[in-house]
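The values are calculated or read from the model by the stated rules, or taken from the named source; none is laboratory data. Predicted model, so just to flag it, every value in this text is computed and none were measured. Every residue, glycine among them, receives a Cβ derived from its backbone with ideal geometry; neighbour counts consider all protein chains shown. Please note that ligands, DNA and RNA were not included when accessible areas were found on the heavy atoms of the full protein model with its side chains. Shrake-Rupley method; radii C 1.70, N 1.55, O 1.52, S 1.80 Å.
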Amino acid sequence: MSTLRVWVEGIGLWSPSLSDFAALTEVPGGSTPTPPPARPAAGMLSPNERRRAPESVLLAVEVAGQAVAMSGRKATDLACVFASAHGDQPITDYMCATLAQVPAELSPMRFHNSVHNAAVGYWTMASGCHAPSTALAAQHASFGAGLLEAASQVLADQRAVLLVCGDTAGSGPLGELTRCEQSFAAALVLAPAAGPASLATLDLQLLAAHADAPLPEPLAGWRRGNPSAAGLALLALLSQDSGRCRLAASAALDLQVEVQGIDTGRVR
Amino acid sequence: MTPLAVSAYTATSALGRGLASHVDALVRGRSGLRPNDISSAPLACWIGRVDGVETVSLPAGMDDWRCRNNQLAWLGLQQDGFTDRVRAARARHGAARIALLLGTSTASIGATEEAYRRLDAAGHFPDDMRRPAIHTPHSPSAFVAAALELAGPCLTVSTACSSSAKVFASAERMIRLGLVDAAVVGGVDTLCDSVLFGFNALELVSAAPCRPFDAARDGLSLGEAAGFALLERADTAPGMPRLLGYGEASDAHHMSAPHPDGLGAELALRDALARAGLESSQVDYINLHGTASRKNDEVEAAWVNRHFPATTRVSSTKGYTGHTLGAAGIVEAVLALLAIEHGLVPGNLGGDTPDPDCGACFAWRNERQRIDVALSNSFGFGGSNACLAFARAGFAA
């Protein structure tokens, strides 16, 4: 099968332990980065939206904003692929609990924030982006499936794409099943050709089998705690400049990613 | 773009199981809507419910996937020989060379709702509901991929009511790039408390059967459906209709209201026509989104008036099926394909007192005419817009 090549121009990252991608580069040296505040800043949102937005939206908008800022591109021009294994679990927990008790009292705002594309909807509103936008889910393969969809948009339409993959921590009885223990989101700005903002190339290939992508602690633990954190294997390579990893892209397929850093003199 | 063959397609909705029951309902003007008899607490509205979903058995060994949504998916796959067509495609291309891309709005959240109604004394899910694979948005795609034994790319698009239109776009890109040789696309959504009480909370549900584009319309009727299509390169199925193009765009305006000038719908149309190499005057029929909400229909009627001559016929079929949310894209793509196959413009059921905003394009009653090119509109919460373009086999733009 043919290899898909895309160029990385921006990287965003947020978890309770990592405020951005630069923080990840400190981890292999054994240092513990300063943790971010409890709520992602999500600076792209207006103060009103920030107050009303659920955590899943803050998380996605935060990493999207980081990646776009690093790329130097205008958010208005970027097609958007937002992936999440579970969507907003606290809202699902609220809705199912309310529906079981007092269905007629369901909050209309929480209902419209419950759609899986709420995060990308808020992002396009905040950034004035009229480009195509989508919201995906693929369970534990959400990061790999999102990367595949994003790369296929980059190459099929020769345009830059913003990929975001994130999940909030689970809560309530549902949280016991999803076992999603802490929030995590990552973002990449991907382009079809080399440019002044290029940080690395990704060569992507689908392989019909699963293989582990070993990670050192604490990254391996973070990855176990959130399905979207499968992307840590790729982000770790980006922070180290080059290497190869495999990400689940579906129940039957892996996406093999070959990372080659581009020496730009920029601090990644 | 290079057109793709829609080498098989099917739909199951309140109108019945499979294509023949849909054509029959359209020809007779028979709506599938009925008074709400499904929510766990009373709610006065009309719904498009599929009969017999509760008694559908899943294939042997797949009982862990059991829930209303996956039962409806399996029921839908059994119609019109669709599983046989997929089996033949699997033999032709190999299981890993066929993508499975489904749209859904709420997946099997009805099962999660049930688990919350039946929490045990300690507040945990009851044992029979402790099945993580059904309490997540990917449930229908993962189930269908397993049931059809497909091993290619598999993902769920969940952009509310545009979900199962956008899967056509993802599939076309994957085929064009050579990632796969074929794709099973479609969507499944089932009626559940979340959508009934959720849309009710937004004051978007009518107490009566929905009346798209009627002057007195006062909200939508919710429905459920499963629909599927098999997409392959055109030479694989020379006699079958074509996916000519698609358009996708974002309103960037509001979470639950359309852009007042229909900006996203405008951009989606422009994208679809450009990919298809079409002029708007070449469009014979458009299956509109037409939810019967005040705002959607106002914006969409203006969109029709701006772009199309009276020779382009348009209608909403939500009065037949109800708004099937994440399945609306595939159901209405199938109805557009049936319009081409049968030369039937379905009348806009429920529009007894046409809104004066609606121009000469609107087909208020069934019309018989040759249809070479048909579009289907799907718009969703979050400002997500999609427009699909289909054509008769052999049509040259």
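If you wrap region A:81-205's Cα atoms in a convex hull and average its projection over all directions, what's the area in nm²? Before the final figure, lay out each step's value.
Details: hull surface 36.8 nm².
With the hull built on Cα positions only, its mean projection is 9.2 nm².
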* Hey, could you pull the Cα Rg and Dmax for region A:181-268, both in Å? -> 13.6, 39
* Considering every pair of different Cα atoms, what Kirkwood radius, in Å, is found for region B:205-291? -> 16.2 Å
* Structure fact -> A convex hull over the alpha carbons of region B:201-253 yields, per residue, a volume in Å³ of 196 Å³
* Would you compute the Debye intensity of the protein assembly as shown from its alpha-carbon atoms alone, equal scatterers and no solvent, and pass along log10 I(q)/I(0) at q = 0.10, 0.11 Å⁻¹ to two decimals? => -0.83, -1.02
* Asked: What do you get for Rg/Rh of region A:1-106 when both radii come from the Cα atoms and Rh is the Kirkwood radius?
  -> 1.07
* Asked: With every protein chain in place, what's the accessible area of residue B:364 (1.4 Å probe, Å², nearest 10)?
  -> 70 Å²
* Hydrodynamic radius by Kirkwood, which averages 1/r over all alpha carbon pairs of region B:1-154, in angstrom -> 17.5 Å
* To do: Please state, rounded to one decimal and in Å, the Kirkwood hydrodynamic radius that region A:89-131 gives when every pair of distinct Cα atoms enters the mean of 1/r.
  => 11.5 Å
* **Accessible-area ranking of B:193, B:235, A:93, largest first, probe 1.4 Å** => B:235, A:93, B:193
* **Spatially proximal lysines relative to residue B:318 (Cα-Cα < 28 Å; intrachain offsets below 8 disregarded)** => B:166, B:295
* To do: Work out the mean other chain Cβ neighbour count within 10 Å for the residues of B:249-261 and drop it here as an integer.
  => 5
* Structure fact -> Semi-axes (Å, rounded, descending) of the ellipsoid equivalent to region B:75-207 per its C-alpha gyration tensor are 31, 19, 13
* Structure fact -> Within the protein assembly as shown, the percent of DSSP beta bridges that are antiparallel, given to the nearest 5, stands at 70 percent
* Asked: With the calculation restricted to Cα positions, what are the radius of gyration and Dmax of region B:277-346 in angstrom?
  -> 12.2, 33
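Can you tell me the equivalent ellipsoid semi-axes for chain A? Use √(5λ) from the Cα gyration tensor, largest first, whole Å. Don't jump to the answer; show the numbers that get you there.
Working: eigenvalues 161, 83, 68 Å².
Calculated on Cα positions only, the semi-axes equal 28, 20, 18 Å.
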* Asked: How large is ³J(HN,Hα), in whole Hz, for each residue of region A:195-208 in order, when computed from phi with the Karplus curve 6.51 cos²θ - 1.76 cosθ + 1.60 and θ = phi - 60°, using x for Gly and Pro?
  -> x, x, 9, 4, 9, 6, 9, 10, 9, 10, 9, 7, 10, 8
* **Long-range Cα-Cα pairs in region A:140-179 (distance over 12 Å), rounded percent** => 64 percent
* Asked: In region B:287-397, if every C-alpha pair distance is counted and binned at 5 Å from zero, what percent goes to each bin?
  -> 2, 12, 24, 26, 21, 10, 3, 1
* Using a 1.4 Å probe, how large is the accessible area of residue B:367, given in Å² and rounded to the nearest 10? -> 50 Å²
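Per-residue ellipticity at 222 nm for the protein assembly as shown, helices alone: DSSP H runs ≥ 4 residues times -39500 (n - 2.57), over residue total, nearest 500 deg cm²/dmol?
The per-residue figure over the protein assembly as shown is -9500 deg cm²/dmol.
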* region A:219-268: Cα Rg divided by the 2.2 N^0.38 Å rule of thumb -> 1.27
* Structure fact -> Kirkwood Rh over alpha-carbon pairs of region A:147-228 plugged into Stokes-Einstein at 25 °C, 0.890 mPa s gives a D in µm²/s of 161 µm²/s
* On the full set of protein chains, 1.4 Å probe, figure out the accessible area of residue B:267 and give it in Å² to the nearest 10. => 50 Å²
* Structure fact -> Here the Cα Rg-to-2.2 N^0.38 Å ratio for chain B is 0.92
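May I ask for the net charge around residue B:218, where only other residues with Cβ less than 14 Å from the Cβ of residue B:218 are counted and Lys, Arg are +1 while Asp, Glu are -1?
-1
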* Determine the distance separating the Cα centre of region B:193-213 from the Cα centre of region A:76-147; give it in Å without decimals. => 20 Å
* Computed over region B:1-57, Cα set: Rg, Dmax in Å -> 15.4, 50
* Structure fact -> Note on region B:88-207, DSSP bridge orientation, antiparallel percent to nearest 5 equals 0 percent
* Considering only protein heavy atoms, what per residue accessible area in square angstrom results for the protein assembly as shown with a 1.4 angstrom probe? -> 32 Å²
* Where Rh is the Kirkwood radius over the Cα pairs of region B:348-397, the temperature 20 °C and the viscosity 1.002 mPa s, what D in µm²/s does Stokes-Einstein return? -> 155 µm²/s
* For A:172-178, mean number of other protein chain Cβ atoms within 10 Å -> 6
* Could you tell me the distance between the Cα centroids of region B:310-331 and region B:1-71, to the nearest Å? => 15 Å
* Using modelled amide H (1.01 Å from N, peptide plane; none on Pro or chain starts), what sits under 5 Å from the amide H of residue A:116, excluding residues fewer than 5 places away? -> B:160
* **10 Å Cβ neighbours from other chains, averaged over peptide B:188-199** => 4
* Asked: In chain B, what % of DSSP beta bridges are antiparallel (nearest 5)?
  -> 65 percent
